[in-house]
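Student: Here you go, one structure.
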Amino acid sequence: VQLQASGGGLVQAGGSLRLSCAAPRRTSSNNAMGWFRQGSQKEREFVASISWNGGTTLYADNVQGRFTISREFGKSTVYLQMNSLKPEDTAVYYCARSRGSYAGRGLTDYPYWGQGTLVTVSS
């Protein structure tokens, strides 16, 4: 499944960005989706996930209250609204699709990945 992430860019600290991730039109919408990020010389880390129906969301502690994950019901399109951005949020952001309807924070929960979109937050 080829996922297409978009919406990255350069923003000043305190600003906002909205990332989008779309799967091909015929992709089943019954799977959980997630966002991860990887900073320079850092390991890929969990950011947020959302269940198949949007009813369950999980966030990393360092983005809780600033980022919001959402999805269009019945579609495999997921969004990540990022507010109050900080320089430490600078990373390549990846969307991912889980095998199941609910997914957690682990990389191995997600067998399908997009190509990533770069977010740069200047101080």
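The values are calculated or read from the model by the stated rules, or taken from the named source; none is laboratory data. Not measured: the values here are computed from a predicted model. Every residue, glycine as well, gets a Cβ built from its backbone with ideal geometry; the counts of neighbours run over all protein chains shown. Just so you know, the surface numbers come from the protein's heavy atoms only, side chains and all, with ligands and any DNA or RNA stripped out. Shrake-Rupley method; radii C 1.70, N 1.55, O 1.52, S 1.80 Å.
Student: Give segment 73-88 a look and list any residue that's of a type outside the set (S, T, N, Q) and open to solvent by 60 Å² or more (accessible area, probe 1.4 Å), or say none.
Tutor: Within segment 73-88, Phe73, Lys75, Lys86, Glu88 meet the criteria.
Student: Another question, if that's okay. Take Gln12 and decide whether it is among the polar types (S, T, N, Q), open to solvent by 60 Å² or more (accessible area, probe 1.4 Å), touching a strand residue (DSSP E or B) at 6+ places or on another chain (Cβ under 8 Å) and modelled with pLDDT under 95.
Tutor: Taking the combined requirement at face value, the residue does not satisfy it.
Student: Given the conditions (1) free of Cβ contacts under 8 Å to residues at least 40 places away in the same chain; (2) under 22 Å from Thr120 (Cβ atoms); (3) buried (at least 19 other Cβ atoms within 10 Å of the Cβ), and given that Asn62 satisfies all but one, which numbered condition is not satisfied?
Tutor: For Asn62, the failing item is (3).
Student: So how many residues does segment 78-91 have that are under 19 Å from Tyr59 (Cβ atoms) and not in a loop (DSSP other than H, G, I, E, B)?
Tutor: Of the residues in that region, 8 qualify.
Student: Can you work out which of the residues in segment 29-46 that are open to solvent by less than 50 Å² (accessible area, probe 1.4 Å) and outside any strand (DSSP E or B) is nearest to Thr56 (Cα to Cα)?
Tutor: Taking the candidates together, the pick is Ala32.
Student: Please tell me if Ala91 is farther than 22 Å from Val11 by Cβ and open to solvent by less than 20 Å² (accessible area, probe 1.4 Å).
Tutor: No.
Student: Test Arg105 against the criterion of being in a loop (DSSP other than H, G, I, E, B) and within 12 Å of the chain's Cα centre (by Cα), and give yes or no.
Tutor: yes
Student: For segment 18-43, enumerate the residues that are over 12 Å from the mean Cα position of the chain (by Cα) and either of a type in the set (D, E, K, R) or within 14 Å of Val78 (Cα to Cα) (or both).
Tutor: Selection gives Ala23, Pro24, Arg25, Arg26, Thr27, Ser28, Ser29, Asn30, Asn31, Lys42, Glu43.
Student: Right, here's the next one. Quick check: anything in segment 17-25 surrounded by fewer than 18 Cβ atoms within 10 Å (Cβ to Cβ) and among the hydroxyl-bearing types (Ser, Thr, Tyr)?
Tutor: Within segment 17-25, one or more residues are surrounded by fewer than 18 Cβ atoms within 10 Å (Cβ to Cβ) and among the hydroxyl-bearing types (Ser, Thr, Tyr).
Student: Residue under question is Ser51, and the condition is that it be at pLDDT below 95 and either touching a Cys at 6+ places or on another chain (Cβ under 6 Å) or crowded, with 20+ Cβ neighbours inside 10 Å (or both); does it hold?
Tutor: no
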